[in-house]
1. For GLU128 and ALA51, what is the calculated FRET efficiency with R₀ set at 35 Å and r taken between the beta-carbons, to the nearest 0.05?
2. Using Cα-Cα distances under 8 Å and only pairs 6 or more residues apart, what relative contact order does the range 1-139 have, in percent?
3. Between rounded, prolate and oblate, where does the chain land on the alpha carbon gyration tensor, with a ≥ b ≥ c its root eigenvalues, rounded for a/c under 1.5, else prolate if a/b exceeds b/c?
4. Going through the range 1-81, which GluC sites (Glu not before Pro) have at most 14 other Cβ atoms within 10 Å and a DSSP loop state?
5. Taking R0 as 41 Å, what's the FRET efficiency between SER137 and ALA24 from their Cβ-Cβ distance, rounded to 0.05?
6. Tell me the volume per residue, in Å³, of the convex hull enclosing the alpha carbons of the range 115-159.
Amino acid sequence: MYVQHNHWLVAWLQRKLGNRGDAADLAQDTFTRIWASAKTDAIAEIREPRAYLTTVAKRLLVNHLERRSLEQAYLASLHLLPQASVLSVEARAILLETLQELDALLDALPPKVRMAFLMSQLEGMSYEEIAAHMQLSVRTVTRYMAQGFRQCLRVMLEA
């Protein structure tokens, strides 16, 4: 599958990204993800390999673009800081890595759980306010928050 479709996938991703290097990296990630999640026999049985590759690559592309957007927003915010509070290159790298880990952590949560968690943690909304805004019960919001905190704990324990 790699030999037959890699060139096509890189070209498709390059049209989306405008950058051959990133396209080649995402194509490689796409094949790696497929090989890691499927048995060798299952790969040979894929009827529409380009459709399958496109689906997997789109997910990786969205993640890549979200990370890039996050990084650009962070770099833009650095330009607003006075010179004395600008971070060193090492500190910036660590902070960017942490932001990417947070992004992955939140991405692993179901959308409603992620929304409730962000409303609480970033906007400072109470569980009652979140429940009213999302048209949920306070009990459901409490469950969502517990799920969000469990995900945070899981990631902290893995580190």
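Only the coordinates and a few stated rules stand behind these numbers; no lab work does. In this text the structure is predicted, and so the values were computed from the model without any measurement. Every residue, glycine among them, receives a Cβ derived from its backbone with ideal geometry; neighbour counts consider all protein chains shown.
1. 0.15
2. 14
3. Note, shape of the chain comes out oblate.
4. The qualifying sites are GLU45.
5. Rounded to the nearest 0.05, the efficiency is 0.30.
6. Looking at the range 115-159, the number lands at 56 Å³ per residue.
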